[in-house]
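Here the structure is laid out as structure tokens; the discussion comes afterwards.
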Amino acid sequence: MREVNIKLRTKVMWIIIAVILVLAIATSILMFALNYYNYGEDPVVEDRAHNVILLIGDGMGKNHIKTAEIYHGSKLFMNSKLTTSGEVFTHSLSLGATDSAAAATAMATGKKVNNGQIAWHSNENITSITEYAQSLGKRTGIVTTKPAYDATPAAFSAHTKSRSNSNDIVYQQVHSSNLNVLMGLGKSYYDPFADVINTPTRDYVNNFAALNASSKDDVYAIFEDDAIATLGTNTLATMTERALDKLTINDNEDGFFLMVEGARIDSYSHDNEIKPMIEQLLAFDDAVAVAYNFAKKHPNTTVIVTADHETGNLKIPNTKKEANEEGELVEVPLSADDIDNSWFKKTGHTTQNVMYFAFGPGAKAIPSEIDNTDIYEIISQLIS
Ligand SMILES: [Zn+2]
């Protein structure tokens, strides 16, 4: 009898320990989740901007920028001309690293969602900054170096449960997004809608010559897959220039919102191909220069440059030490020749913070550490 009692007591004790453990774990998960939603205070921006240009380097971590600078031999445009900079926390509602869909949704709507979701959560569409800008009468545009239905442009122009619903995304962009400018790849997806896209006020073009010749107010420029170069005249910078021409056509008085994505920084990071990644990043930096020069000429324009997440866990090795003429070991800075694919330590996304750079009205009010949802908060305050 006594033995049975002891056994029972031991059992009860274990159950109590188990319950305490479960409660402790549940509390810490809850605290973590709460921290997620309250990551820092929402920034308050008092200045107002007529136009906002948001440039997103897909997969562009801090070390991607540094590596491009080692290759370039000097600081990038984004890292030298834009007056304010800081870090961005990128987590989504999913465990682990965010994907482009959730990160773009956070920036476009101010809401955290699960990976894969496009301005949509719990069976509801979430209003995007594009739609908000349109409600204020602003013209809106999206430019990317990957398919125009890809996750990042999609979050700024459509609502759907999954980023893989490409046909649904294209359908919304063509029929209901009210975009004035859409540029990217994916011609075969948009061709079936050529007659819908082409209207008295909107051109549908498929190459740079036709884009340059386009005279209507609005344009959807959807190219063949190899059409966008990193150097020369058919680049992301060219597309950004043309987008700005269209968004300011007829002396547009209500301003505009433009999102420009350097999408293939991410693709080459997944592939651990460092030189092509750098070429994409430098081409993205050229687009930043176009945006900055526009803002210099139109001081009521704010430019924000950031990334959705880091891809490839890129690590820069320590500086080398080499013997000088006196035989002393001295530090030699890394140069373009040192850059190697082995600097990538992973093929997937990471949870690392990314950088932001800003210039123009309100830029100075942005805290040094923000959440990706704050990008939406900042832009909506700027244009309100
Ligand atoms: Zn990716």
**OP:** Could you please tell me which pairs satisfy a Cβ distance under 6 Å, a separation of 6+ or placement on different chains, a first residue in segment 288-316 that is in contact (Cβ under 8 Å) with a residue 24 or more places away in the chain, and a second residue that is in a loop (DSSP other than H, G, I, E, B) and β-branched (Val, Ile, Thr)?
**Re:** His309/Thr90; His309/Thr98
Subject >> Candidates Thr67, Thr83 - the one that is away from the ligand (no atom under 16 Å from the Cβ) and crowded, with 18+ Cβ neighbours inside 10 Å >> reply: Thr67
Subject >> Any hit, segment 339-355, residues being within 16 Å of the ligand (Cβ to nearest atom) and on the phi > 0 side of the Ramachandran plot >> reply: no
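Could you tell me which of the residues Asp99, Asp58, Asp47 is more than 26 Å from Leu314 (Cβ to Cβ), charged (D, E, K, R) and modelled with pLDDT of 90 or more?
Numbers: Asp99 fails: more than 26 Å from Leu314 (Cβ to Cβ); Asp58 fails: more than 26 Å from Leu314 (Cβ to Cβ).
Selected residue: Asp47, the only one of Asp99, Asp58, Asp47 that is more than 26 Å from Leu314 (Cβ to Cβ), charged (D, E, K, R) and modelled with pLDDT of 90 or more.
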**OP:** Give the residues of segment 210-264 that are at positive phi and without any contact (Cβ under 8 Å) to a residue 24 or more places away in the chain, sorted by residue number.
**Re:** Gly232, Asp251
Original post:
How about segment 264-290: which of its residues are within 13 Å of the ligand (Cβ to nearest atom) and not in a helix (DSSP H, G or I)?
Top reply: Asp271, Asn272
**OP:** Kindly indicate which of Gly141, Gly57, Gly73 is away from the ligand (no atom under 16 Å from the Cβ) and in contact with a Leu (Cβ under 7 Å, 6 or more places away or on another chain).
**Re:** Gly141
**OP:** Filter segment 364-381 for residues that are within 17 Å of His50 (Cα to Cα), crowded, with 23+ Cβ neighbours inside 10 Å and not β-branched (Val, Ile, Thr) and give the result.
**Re:** Tyr376
Original post:
Can you name the number of the only condition in (1) within 16 Å of the ligand (Cβ to nearest atom); (2) of a type in the set (A, V, I, L, M, F, W, C); (3) closer than 20 Å to Ala148 by Cα that Phe256 fails?
Top reply: (1)
Original post:
Under 6 Å by Cβ, and 6 or more places apart or on different chains, what pairs join a residue from segment 76-87 that is under 18 Å from Ala287 (Cβ atoms) and part of a loop (DSSP other than H, G, I, E, B) with one that is modelled with pLDDT of 95 or more and of a type in the set (Ser, Thr, Tyr)?
Top reply: Lys81/Tyr292
**OP:** For segment 247-263, state whether one or more residues are surrounded by 19 or more Cβ atoms within 10 Å (Cβ to Cβ) and part of a loop (DSSP other than H, G, I, E, B).
**Re:** yes
**OP:** Mind listing whichever residues of segment 291-318 are out of contact with any Lys or Arg (no Cβ under 7 Å at 6 or more places or on another chain) and within 15 Å of the ligand (Cβ to nearest atom)?
**Re:** Ala307, Asp308, His309, Glu310, Thr311, Leu314
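The values are calculated or read from the model by the stated rules, or taken from the named source; none is laboratory data. Note that the structure is a prediction, hence the values are computed from the model and not measured. Virtual Cβ from ideal backbone geometry, glycine too; neighbours counted across all protein chains shown.
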